[in-house]
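Below: one structure, written as structure tokens.
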Amino acid sequence: MDRVKSSMQQVPNAIPKVIRRTGGANSLELEKENFERGQAVSINKAINTQEVAVKEKHARTCILGTHHEKGAHTFWAAVNRLPLSSNAVLCWKFCHVFHKLLRDGHPNVIKDSMRNKADLTDMSRMWGHLSEGYGKLCSIYLKLLITKMEFHIKNPRFPGNLQMSNRQLEEAGENDVNNFFQLTVEMFDYLECELNLFLGVFSSLDMSRSVSVTAAGQCRLAPLIQVILDCSHLYDYTVKLLFKLHSCLPADTLQGHRDRFQEQFKKLKSLFYRSSNLQYFKRLIQIPQLPENPPNFLRASALSEHISPVVVIPAESSSPESEHMVETDDLVDTDVPSLPAALETKFDDLFGTSAAIDPFNFNSQNGMRKDDKDRLIEQLTREIQALKEELESFRLESGRLCQVLRGRVSELEAELAEQSHLRLQAVGESEFLKAELDDLRRVREDTEKEQRCLTEIERKAQANEQRYTKLKEKYTELVQSHADLLRKNAEVTRQMTVARAAQDEVEAVRKEMQEKVKAAQETADRQEREQLEQLQELQRELVSSRAELDSLKTTMASSQQSSDLLSSQLATLESEKAELVQSLSKVEVELAVQGEELERVQSSLATERESGVKTAEALQNQLNEKESREQALESQLVAARWSSLQGAVEEAEKIIQDSLAQIDDPAHISCTSSADYLASRCQASLDCMDRLNSAREAFIADNTGVFELLRVVTQCGHLVGDTIVQGSATSHMVPVEQADALSESVKTCGAEALALLGQMKQQDSMAAADNSKLKAVLEAILATAEKLRPRGLELQQGELGDLVEQEMAATSAAVESAAARIEEMLNKSRAVDTGIKMEVNERILASCTELMQAIKELILSSKDLQRDIVESGRGAASMREFYAKNSRWTEGLISASKAVGWGATVMVDAADLVVQGKGKFEELMVCSHEIAASTAQLVAASKVKADKDSSNLHRLQQASRGVTQATAAVVASTKSGKSQIEETDTMDFSSMTLTQIKRQEMDAQVLVLELETRLQKERERLGELRKKHYELAGVAEGWGEEEEGTG
């Protein structure tokens, strides 16, 4: 009834809402638009330029969005609009959010993200040029994300969060040891990338300060939570797979796997330990601790001792209801309830559409039935609205309960793992119980030794008491002597003058003795503090013993006999502790008494002048010792400076020796470099030589300036070693003679550098060290590099621009000349030849004429297109400056133009020989193909900088197709003419004898063999010619110029 009443109260608003909802035809599109807008807002809030950690609620909204659309299309559409390549902090936060999506998002996120792998790779390479800050971290993080995507694509059985059971891990290898072997290697690579990011973040932070409580530090540390989750699973799976492999393969085969695991184990253990001490991680994640020693894979039973590391993420402080409502606010429209389409259709079928459209129409024949229908409509509407509200509340409650249950399941799984771990620990503790009891006995023996030490202290206290008695007697004597001095006061008055001098002397002595008393008092205080520290240490040991006993008592609660034994021992230790406390109080009282005695003794020693003289002598001796120690320290400092210089020189020698060894390595043959980069390295080395000479002279003048010399020596070692490696790599791209000369110069450079460093290692030869020979070798290498630079770089701006115009004009002239020659040959053939030969010659020359016309049209279109390119790209600069600025493109145009003109000339010569009957049809076909390739090169060079909507570009493409068709026509006419000529040359063997035929057959076989051999040799020669042509073209046009390093 309550539900009916509530539904009746909601009737006035129910029907209008239904009408509005049914009237909207684009509800799906509106929902999609709202979803995309909400996702874009969350992505922009999560990925921004503020150096703060990504908020969890924004990342969670992005994750829910991937599950909603079953992919990551919306995420990538929003991310592609962000300037990730211009802001390192923005790229870093993108990597963090993307890592969360790969782990917790929909499984299709990985597949959708593989389309952007090339962009991520380029971005990682771009950020890798920065050596510090977020740039280096972004490069490492992007490499990790690419490795993660590739791993999951290769191994689709592994989910994004890497959570798998042992049975699923077995199924991933498909019971094939080769699959397990390869999977282990891929996991090693995956874990290596995770550890590199770990180390990169820690190395970029100043760990001497509390960086984890600052916003900037938390921004860098936040992604490590995902890394810790990945590393825990990868470490667990690697251990299990290695045990699996050791059960199937010999131990020697897996030596490399074990070495790599040992290295990663040490790094991961150290990083987990360092992370667990940071305040930022303590409230967000519970980091597991790895065992003290790595597993022993050679012992199969060690698998049972392995404990899978479990990472526990504590429950968040906010309530699940509030979180769920925040999340669903943007996804579910709770304001306007919508009726399902089936219910609306059923409603119209039962009661008609007129009642719903116009409920206040009273022009009916039976007014009573219309009122009943209206009431029924209202009642049904109220019930539908109430059911919808109840369904919505059930849905929200079920969602909340599901979230709570998931969290509870995670907590129970963590508790189960922890309980298993505790059970194993309890088993281990029960096994080592006897050893712990032995330790307890040893502790008891130590306690007895401490008791004996206390007895010794009491004996010393008695000796001090006896000494105090003697001092008291001496004090009594001093009092008596003081009384005698008072009786002699009258005599002292008569000797006032002498007394004044004596008084001054006594005053000086008194001051000295006061200082002596202060020193003695400080010594006594120090001894007292030492004794107190010893007593405190004993007290701490007692506390630790009690703590150990308590832990043993709780651990051995299950064993009644052991518990009784421990209880008795505990009672014994408590009694001993009470005795020690009493002894401690006695010792403290005695120390207080001794302090008072020392004060009285110090007052009595005021009259002892001889002790003051001895103290002065001792101070003088200490002063002399201090001066001798200062001299020794100065000599040690000089020796340390020289040893540090020798270490730097030896390190530079190792760098140069490593570079010399690297150029002899066969693997270095595939490395290449450019002459420009070699020249830059040589120039940097020469500049460093001047700095080395000045730093060496400054060190010889004043050996305190060793730090500048250390820096210069290290930098020289790196630069000279880099010059050696780059010189050897450059020699792999030049002709043999120049390569040999460059290799010899590089080796001579290494030898001279080692000789110079050898002189600098000795103090005697430091002043005579001369770097002129090394500079001469470096200058020779620099001159060689300048000679090897591409020819296009030597051209001036005016020469390069004029050369383009000249080559295009020369090509046009060559084509015109070729067309004129073909016309002349056609007229001559018509006058001389007849029959089939004249027909063949006319057809071939006509096709050649069409080809020349097509080439002429192509050249004109190329000129127009180049003019558009220059006008649109040069801006305020001149045409020559534009050609010089784009020298690489200009050289391509020049090369293509030369090739077209040369091909036209050669083809005309070949056609002339064919018409005269002296040439070969094959030469004409080869020339046609060469012209087609040259025109294709000219088209490619022209359109590389053209606008795709340019009309001249379309004309150029049409002209290129015309050249291709004309080339095909030349080849077809040549083949047809050749077949016609060969058909006319019929063979007549009717008049030949058997011997003549046999002889002709042998001659034909010999000729066939000779031609086959020649064909094979010519093919090999053609391959070598093409290879050499490619190498020379690369050197001439500067291919690979932008490569800054080797490889």
Apart from one, (1) within 20 Å of the chain's Cα centre (by Cα); (2) surrounded by 14 or more Cβ atoms within 10 Å (Cβ to Cβ); (3) not acidic (Asp, Glu) all hold for residue 238; the odd one out is (1)
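For the range 732-778, which residues satisfy the criterion of being in a loop (DSSP other than H, G, I, E, B), in contact (Cβ under 8 Å) with a residue 24 or more places away in the chain and farther than 17 Å from residue 672 by Cα? Explain how you work it out, then say what you get.
Narrowing the range 732-778 to residues in a loop (DSSP other than H, G, I, E, B): 732-735, 762-771.
From what is left, the residues that are in contact (Cβ under 8 Å) with a residue 24 or more places away in the chain are 732-734, 763, 766-767, 769, 771.
Residues satisfying the conditions are 763, 766, 767, 769, 771.
Across the range 390-446, which residue is nearest to residue 305 (Cα to Cα) among those that are among the hydroxyl-bearing types (Ser, Thr, Tyr) and open to solvent by 60 Å² or more (accessible area, probe 1.4 Å)?
So the first thing to find is which residues in the range 390-446 are among the hydroxyl-bearing types (Ser, Thr, Tyr), and the list is 393, 398, 410, 420, 430.
In the following step, the residues that additionally are open to solvent by 60 Å² or more (accessible area, probe 1.4 Å) were identified as 410, 430.
Working: 410: 24, 430: 15 Å.
Checking each candidate, the answer is 430.
Of all residues being aliphatic (A, V, I, L, M) and touching a Phe, Trp or Tyr at 6+ places or on another chain (Cβ under 9 Å) in the range 202-217, which is least open to solvent (accessible area, probe 1.4 Å)? Just the residue, please.
If we filter the range 202-217 for residues that are aliphatic (A, V, I, L, M), which is where we start, we get 205, 207, 211, 213, 215-216.
Those still in the list that are touching a Phe, Trp or Tyr at 6+ places or on another chain (Cβ under 9 Å) too: 211, 213.
On the way: 211: 16, 213: 91 Å².
In this case the residue turns out to be 211.
Let me confirm something: among 685, 765, which residue is within 22 Å of residue 661 (Cβ to Cβ) and among the small types (Gly, Ala, Ser)?
Going through 685, 765 in turn, just one is within 22 Å of residue 661 (Cβ to Cβ) and among the small types (Gly, Ala, Ser): 685.
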Within the range 993-1047, restricting attention to residues that are of a type in the set (Val, Ile, Thr) and open to solvent by less than 100 Å² (accessible area, probe 1.4 Å), which residue is modelled with the lowest pLDDT? 1046
Those residues of the range 290-306 which are more than 18 Å from residue 254 (Cβ to Cβ) and not in a loop (DSSP other than H, G, I, E, B), in sequence order: 304, 305
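Looking only at residues in the range 840-852 that are touching a residue at least 60 places away in the same chain (Cβ under 8 Å) and open to solvent by 20 Å² or more (accessible area, probe 1.4 Å), which one is farthest from residue 967 (Cα to Cα)? I'd like the intermediate steps shown before the answer.
Looking only at the range 840-852, we keep the residues that are touching a residue at least 60 places away in the same chain (Cβ under 8 Å), and these are 840-841, 843-848, 850-851.
Next, only the ones that are open to solvent by 20 Å² or more (accessible area, probe 1.4 Å) stay: 843, 846, 850.
Working: 843: 13, 846: 12, 850: 9 Å.
Within the range 840-852, the match that is farthest from residue 967 (Cα to Cα) is 843.
Is one or more of the residues making up the range 221-238 of a type in the set (S, T, N, Q) and within 14 Å of residue 281 (Cα to Cα)?
Initial filter on the range 221-238 (of a type in the set (S, T, N, Q)): 226, 232, 238.
If we keep only those that are within 14 Å of residue 281 (Cα to Cα) as well, we get 226.
The answer is yes, given that some residue of the range 221-238 is of a type in the set (S, T, N, Q) and within 14 Å of residue 281 (Cα to Cα).
Looking at the range 440-450, can you tell me whether even one residue there is among the polar types (S, T, N, Q) and under 40 Å from the mean Cα position of the chain (by Cα)?
Taking the range 440-450 and keeping what is among the polar types (S, T, N, Q), we get 447.
Keeping just the survivors that are under 40 Å from the mean Cα position of the chain (by Cα) gives none.
No: the range 440-450 contains no residue that is among the polar types (S, T, N, Q) and under 40 Å from the mean Cα position of the chain (by Cα).
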What is the residue count in the range 457-486 for residues that are closer than 23 Å to residue 589 by Cβ and either open to solvent by less than 70 Å² (accessible area, probe 1.4 Å) or not in a helix (DSSP H, G or I) (or both)? 7
Taking residue 226 as meeting all but one of (1) over 18 Å from residue 263 (Cα atoms); (2) out of contact with any His (no Cβ under 8 Å at 6 or more places or on another chain), write down the number of the exception. (2)
Restricting to the range 249-289, name every residue that is surrounded by 14 or more Cβ atoms within 10 Å (Cβ to Cβ) and in a loop (DSSP other than H, G, I, E, B). 249, 254, 278, 284, 285, 287, 288
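Evaluate the following for residue 84: is it at pLDDT below 90 and within 22 Å of the chain's Cα centre (by Cα)?
On the way: at pLDDT below 90: yes; within 22 Å of the chain's Cα centre (by Cα): yes.
For residue 84, the condition - at pLDDT below 90 and within 22 Å of the chain's Cα centre (by Cα) - is met.
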Scan (1) within 30 Å of residue 544 (Cβ to Cβ); (2) of a type outside the set (Lys, Arg); (3) at pLDDT 80 or above for the single condition residue 435 breaks and write down its number. (3)
Test residue 729 against the stated conditions and say whether it is under 30 Å from residue 787 (Cα atoms), within 38 Å of the chain's Cα centre (by Cα) and at pLDDT 85 or above. no
For residue 691, only one of the following conditions fails: (1) of a type outside the set (Val, Ile, Thr); (2) closer than 24 Å to residue 783 by Cα; (3) open to solvent by 10 Å² or more (accessible area, probe 1.4 Å); (4) in contact (Cβ under 8 Å) with a residue 40 or more places away in the chain. What is its number? (4)
I want to confirm something. Restricting to the range 280-303 and keeping residues that are over 18 Å from residue 418 (Cβ atoms) and polar (S, T, N, Q), which single residue is modelled with the lowest pLDDT? 301
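The values are calculated or read from the model by the stated rules, or taken from the named source; none is laboratory data. Small disclaimer: the values here were computed from a predicted structure and weren't measured. Note: ideal-geometry Cβ built from the backbone for every residue, glycine included; neighbour counts use all protein chains shown. Side chains included, ligands, DNA and RNA excluded: accessible areas come from the protein's heavy atoms. Shrake-Rupley method; radii C 1.70, N 1.55, O 1.52, S 1.80 Å.
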